[in-house]
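Notes for the one structure printed next.
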Amino acid sequence: MKLKNLIICCTIMAAASPIARADEGMWLPSLIANRIDDMHSKGFRLDAKDIYNINEASLKDAVVLFGGGCTGEIVSAEGLLLTNHHCGYSYIQSHSSVEHDYLRDGFWAMNRSEELPNPGLKVRILERMDNVTSAVLKGCSDELSAEENGKVTSENIKAIVKEAEAAGKGLKATVESMYYGNQYFLFIYKEYSDIRMVGAPPSSIGKFGGDTDNWVWPRHTGDFSMFRIYADKDNNPAEYSIDNVPYQPKKYFKIAATGIQEGDFTFIYGFPGSTLEYIHSSEVDYIQNIGDPSKIHLRTLRLNIIKRYMDSSQKIRIQYSSKYASISNAWKKWQGEEMGLRKNKTSDRKRKEEAAFSAWAEGTEYQGICDKLAALYKELEPYAFMTDYYNETARSIELASFANRYTSMIEEGSPDASSTLEKFYKDWQKEIDKECFMAVMEEFRKNVQENFQPDYFKSMISEYGDVSAWAESLFSSSLFACESSVKGMDINSLQIMKSDPAVVFARSFQQWYNTGILPQARRIKAEIRAAYKDYMRGQMEYAKVCGKSNDFYPDANLTLRVAYGHVEGYSPADGVYYTPSSTLKGIIEKDNPEIFDYNIPQILRDIYASGDFGSWTDANGQVPVCFLATNHTTGGNSGSPVINAEGNLIGINFDRVWEGTMSDIAFDPDRCRNISLDIRYVLFTLEKIAGAPHLIEEMTIIR
Ligand code: ARG
Ligand code: GLU
């Protein structure tokens, strides 16, 4: 390489590196030996083989993928499992009824026979992971087309998975691409499917702060629930059976009730879902300037409408609280992401890196790759926009989605049709849906270029004159707007159903999207993926020149990762500093029986007034509740164990601060913080609220 380029490279790398600095990074456990010196320098006292070891028990054996989207940790020799309340929510809900409202009142099994089975819930424990790149790429060659190579690869993967799963009972294997297909890793798990619910605090503790506090610091949510893994008599995975026994793990976490201080080492072991740390500036520009703002705007319109109705009626508040929560969760996250990218000047930084990279890449196989990506993004932009718009407008209309789905179910003779019907009408308000339709479809009319609009949409607008008149007609003439008329329909009414305006709406948009948008988007995205594979390899080679090759971690893909950092507050704005821990005192300050999210159980008020907190207090005699740290986490890390320098459990991860959610794209050490539940609040709740000392006794507590 030319000396000039080397100098450019190293100067830029130092100033604006996309690779790991500070506490950034989600590392592969099997390669953690590469990071262990850095971990030690930051306070960690165990060794790499204590984190990941396939010959002896290690911390990995106590971490589980919970329900396919969260993390959990084993905390006793008898398979007791901790995760978040929001990860266990649907199971807690499914056991709840008017007589036993476990969401409202909490649930505690006082003995093993009271633990409740959860059909469908599975947890996976990683047995081992291996780099299988050469086996996956065996038979691929430059002579073959991209498509042919793709076929070879997927056949190889199928064979690898099959062989791995055949090796033992209850084994599940996946092969995951790392670094955009430059490497492949095999993950072999044991999958347990008899998972029973052991306990959950009332939502006024487990979901305290609700959507008001979601993604926000200071936080006071007791976001935990407890389960237990059951196995057959040989400790192997087995379907639910009364004869199953508590699983005996190779390893479980000891609980450190010794407390935390600002600066303490923290280590998160879990299953982060998805990040985009190595993308080109064009993709950042799209997310920051077009994608996020459009989606935020469309959701703001819907949330305002829903909230107005929820505030007006208790019944509607209950009907829409879960829908509101899921719409607002991403909405708030995108706002933080968009703001964080802007403040961090992420795309400017990336452009500088790309310029330096391109100068270095001249004359190499990577020459021109950045320009190619920029051009591909330009081409993708209208299709990406249409996809975002379609999802947040036409696809968000509840009536149309239901009518479409229900019609298909009747056509296919699905046995679930009647339960789907009941579920839909139980929680549906026509006026809300209609107002949302008017709001978002009007945005569609204004913001989607006419040449991209579906013909169906244009003909509706010309027939009715405007969106409101169209909505009035659709919601009054659709048979699906009335539960009793839908109940009267069966396979003989299929033609009527198919020509119903709500079904026509859903299917016309679907048809437009599937034929006019999706194929183009897919084609361009395939080209982008191929270019990213080269770009990623180029970035890694380029970093090697500067001695930084050790600092790459693959994007999150719901595989087990290590993220280490430390307890630290942050400054969200000039003149403001947030300290890193919250206490029960803050819950009492927020307490307000008039505000649903802040209405706490009377027993908590009484305990606070009595000052009898057991042994679960901090140095000031307060009950600690949550804390902030600098660990690099994302969705999927919910429920992850937060581990101290000695490898013991100090908390359960459950959220990030919204100002730092840009860490999915670029980690900014100044504002990216994860939020964890302090384990002492779990112990306090078990002792003082649940009256479940047997669960505390089952764990190993370091006091
Ligand atoms: N923000 C957290 C996550 O992304 C928690 C979501 C559940 N809580 C809520 N209030 N909606 O999953
Ligand atoms: N609440 C998220 C989850 O369910 C974790 C928050 C985040 O995105 O970091 O996984």
Cα centre as origin, Lys/Arg/Asp/Glu Cβ charges: the stretch 28-122 dipole, Debye: 280
Cα centre as origin, Lys/Arg/Asp/Glu Cβ charges: the stretch 465-570 dipole, Debye: 580
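Counting pairwise Cα distances across the stretch 465-538, what percent come out greater than 18 angstrom? Walk me through the numbers on the way to the answer.
On the way: 1663 of 2701 pairs.
Distances greater than 18 Å cover 62 percent of the Cα pairs.
Using the scaling law 2.2 N^0.38 Å as the reference, what is the normalised Cα Rg of the stretch 95-183? Could you put the intermediate results ahead of the total?
Details: Rg = 21.9 Å, N = 89, 2.2 N^0.38 = 12.1 Å.
Scaled against compact globular proteins, the figure is 1.81.
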Calculated from backbone phi, Karplus (6.51, -1.76, 1.60) coupling profile of the stretch 269-278 in Hz, x at Gly/Pro: 10, x, 10, x, x, 6, 9, 9, 6, 10
q = 0.17, 0.23, 0.26, 0.27 Å⁻¹: log10 I(q)/I(0) that the Debye formula gives for the stretch 351-436, counting C-alpha atoms only: -0.81, -1.08, -1.14, -1.17
Residue-averaged [θ]222 nm for the chain, counting only DSSP H segments that reach four residues, each worth -39500 (n - 2.57): -13500 deg cm²/dmol
Solvent exposure ordering (accessible area, 1.4 Å, most first) of S676, S241: S241, S676
Cα coordinate range in the stretch 446-604, projected on the principal axes (Å, largest first): 65, 59, 37
Leading residue at positive end of dipole, the stretch 205-337 (Cβ point charges), from T300, V284, V245: T300
Proximal lysines to K525, defined as alpha-carbon separation beneath 17 angstrom and excluding residues fewer than eight positions away on the same chain: K372, K378, K533
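Only Lys, Arg, Asp and Glu count, each charged at its Cβ (+1, +1, -1, -1), so figure out the dipole size of the chain about its Cα centre, rounded to 20 debye.
580
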Rg ratio (alpha-carbon, reference 2.2 N^0.38 Å) - the stretch 499-585: 1.98
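Can you put I157, I524 in order of accessible area, largest first, using a 1.4 Å probe? All intermediate terms of the calculation are to be shown ahead of the outcome.
On the way: I157 40, I524 0 Å².
Per-residue accessible area, sorted high to low, gives I157, I524.
Where does the stretch 46-160 land on the Kirkwood hydrodynamic radius, alpha-carbon pairs, in angstrom?
On the way: mean 1/r = 0.0550 Å⁻¹.
For the stretch 46-160, inverting the mean 1/r across all distinct Cα pairs yields 18.2 Å.
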Phi-based couplings in Hz for the stretch 474-486 (Karplus 6.51, -1.76, 1.60; Gly and Pro marked x): 4, 6, 9, 9, 5, 5, 6, 6, 10, 4, 5, 6, 5
Taking N as its residue count, the alpha carbon Rg of the stretch 40-99 over 2.2 N^0.38 Å: 1.55
10 Å binning of all Cα-Cα separations within the stretch 550-612, expressed as whole percents from 0 upward: 15, 25, 25, 25, 9, 1
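Using the eigenvalues of the Cα gyration tensor, what equivalent ellipsoid semi-axes result for the stretch 278-383 when each is taken as the square root of five times the eigenvalue, whole Å, largest first? Write out the running numbers ahead of the final one.
Values: eigenvalues 340, 31, 17 Å².
Those come to 41, 13, 9 Å.
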With eigenvalues of the C-alpha gyration tensor scaled by 5 and rooted, the stretch 215-351, Å: 38, 27, 18
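Just to be sure I follow: if Rg is taken over the C-alpha atoms of the stretch 400-439 and Rh is the Kirkwood radius over the same atoms, what is Rg/Rh?
On the way: Rg = 11.7 Å, Rh = 11.0 Å.
Rg divided by Rh gives 1.06.
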Cα pair distances in the stretch 425-513, grouped into 10 Å bins until the bin that holds the longest one, percent each: 15, 47, 30, 8, 0
Interchain or long-range residues, amide H under 5 Å from Y184's placed H: V132, T133, M178
Lysine pairs meeting the criterion (Cα under 29 Å, 8 or more apart or interchain), as found in the stretch 174-288: 8
In Å, descending, principal axis extents of the Cα set of the stretch 559-703: 45, 37, 28
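Around A109, under 10 Å between beta carbons, what's the net of Lys plus Arg minus Asp minus Glu among the other residues? Before the final figure, lay out each step's value.
Numbers: positive: R112, R196, R228; negative: E114, E115.
Net charge in that neighbourhood comes out at +1.
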Accessible area of T133 in the full protein assembly, 1.4 Å probe (Å², nearest 10): 20
GluC sites (Glu not before Pro) lying in DSSP loop within the stretch 567-635, provided at most 12 other Cβ fall within 10 Å: E594
Where the Cα pairs of the chain fall when distances are cut into 20 Å bins, in %: 16, 47, 34, 3
Accessible area expressed per residue, the chain, with surrounding protein chains retained (probe 1.4 Å, Å²): 42
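The values are calculated or read from the model by the stated rules, or taken from the named source; none is laboratory data. What you see is a predicted model, and the numbers here were worked out from it, not measured in a lab. For neighbour counting, all protein chains shown are included, and Cβ atoms are generated from backbone atoms with ideal geometry for every residue, glycine included. Surface areas here come from the heavy atoms of the whole protein model, side chains and all, with no ligands, DNA or RNA. Shrake-Rupley method; radii C 1.70, N 1.55, O 1.52, S 1.80 Å.
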